[in-house]
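Below: the structure, in structure tokens.
The values are calculated or read from the model by the stated rules, or taken from the named source; none is laboratory data. Just so we're clear, the structure is a prediction, and the values are computed from it rather than from any experiment. Cβ atoms come from the backbone with ideal geometry, glycine included; neighbour counts cover every protein chain shown.
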């Protein structure tokens, strides 16, 4: 009889950052409702909760328009394959997380073929940045949207789309287990955290630039250790770059618990543009962000994007608090120039951290974001 009462949720992510966000929500949902079974397209974070993925997340993480175009047949095939599995699984809720070009296309198909399946989307498409026409489309197949930022509400409420501001889980300050990172990284070393991306294509573009930057840093500073934060699946790619470089003061961490403590002990962070920037800001670490893509992809993006800034902190402040080195500006000399200008001027660091705190206070909610999102999901199961 127990099985009769079990509810079902299919979790659909499209990249490691979505897998991480989804796992925080599902972890909280498991605490309030044990009568749910799960299936997913997920990565290592959902897997750690005992949730099976129907295929490897790597099969769908494509960066850039040209890559997407080249892989269009594969992607369409994956959308159809995923839709078929979801329809056969007959979940009560299809919980889609981020990666709208993949997850929302699946949700649209699922809803069309089985309108009884409730669709809840987490991490709204960034319609304030580009493709605002998507809002009208979403209305047809998404029942509810969980928003990370309060300013997003106006875009969706305007179209009378059911939505709810739950805050960003990466801005939650949770109690962490104490870890002695001196066992991981040598004592008395100044740490710089480096984030080269969560997709293979990003890592391949940024690693040569980052290694050149480290060579320049080593010429000016001694006793610095550069720690590359990676997912387990991509640590080998980063390691192969490091092996070829022969640099002796670089390490890789892929364990999430250790990553957090390394970041906390860092004097600076250099990060690929993305959600990781919020984690860095929340850890009160000064930083710069980078992004580089193929020229054709850049031209397409340039014509579509409506905002001045790539970073959510800068966007909210309408000011470049965190330097953004994008495209041609993203080179070793520039990164070195910006990082050393901060390290040589404590006032500059304090100024950035002070301004970031003001913006973070606006973006944060008082409670637990993942808890609010899990309560919302649970409500849709009733």
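At-a-glance table
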quantity: Region 359-374: number of residues that are assigned to a helix (DSSP H, G or I) and out of contact with any helix residue (DSSP H, G or I) (no Cβ under 8 Å at 6 or more places or on another chain); calculated: 2
quantity: Boolean, residue 39 is at pLDDT 95 or above, over 24 Å from residue 255 (Cβ atoms) and either surrounded by fewer than 23 Cβ atoms within 10 Å (Cβ to Cβ) or outside the structural domain of residue 95 (by TED's automatic domain parsing) (or both); calculated: yes
quantity: Qualifying residue in region 179-199 (condition: more than 22 Å from residue 270 (Cα to Cα), surrounded by 15 or more Cβ atoms within 10 Å (Cβ to Cβ) and at pLDDT 85 or above); calculated: no
quantity: Out of 34, 5, sole residue that is surrounded by fewer than 16 Cβ atoms within 10 Å (Cβ to Cβ) and either modelled with pLDDT under 90 or touching a strand residue (DSSP E or B) at 6+ places or on another chain (Cβ under 9 Å) (or both); calculated: 5
quantity: Test: residue 361 is surrounded by fewer than 16 Cβ atoms within 10 Å (Cβ to Cβ), modelled with pLDDT under 95 and either within 19 Å of residue 285 (Cβ to Cβ) or not assigned by TED's automatic domain parsing to the domain that holds residue 12 (or both); calculated: yes
quantity: Single unsatisfied condition, residue 352 versus (1) exposed (fewer than 14 other Cβ atoms within 10 Å of the Cβ); (2) part of a helix (DSSP H, G or I); calculated: (1)
quantity: Residue 157 at pLDDT 90 or above, surrounded by fewer than 17 Cβ atoms within 10 Å (Cβ to Cβ) and outside the structural domain of residue 274 (by TED's automatic domain parsing); calculated: no
quantity: Residue selected from region 1-42 under the condition under 18 Å from the mean Cα position of the chain (by Cα) and outside any helix (DSSP H, G or I), by the criterion farthest from residue 95 (Cα to Cα); calculated: 15
quantity: One residue from 341, 329, 368 being surrounded by fewer than 19 Cβ atoms within 10 Å (Cβ to Cβ) and at pLDDT 95 or above; calculated: 341
quantity: Residue list for region 123-144, restricted to those being out of contact with any helix residue (DSSP H, G or I) (no Cβ under 6 Å at 6 or more places or on another chain), modelled with pLDDT of 85 or more and closer than 24 Å to residue 15 by Cα; calculated: 123, 138, 139, 142, 143, 144
quantity: Residues that are surrounded by 14 or more Cβ atoms within 10 Å (Cβ to Cβ) and either in contact with a helix residue (DSSP H, G or I) (Cβ under 7 Å, 6 or more places away or on another chain) or closer than 22 Å to residue 201 by Cα (or both), drawn from region 225-237; calculated: 226, 227, 228, 229, 230, 231, 233, 234, 235, 237
quantity: The listed residue being closer than 21 Å to residue 342 by Cα and surrounded by fewer than 16 Cβ atoms within 10 Å (Cβ to Cβ), out of 266, 273, 222, 240; calculated: 222
quantity: Filter pass, residue 19 being outside the structural domain of residue 203 (by TED's automatic domain parsing) and buried (at least 18 other Cβ atoms within 10 Å of the Cβ); calculated: yes
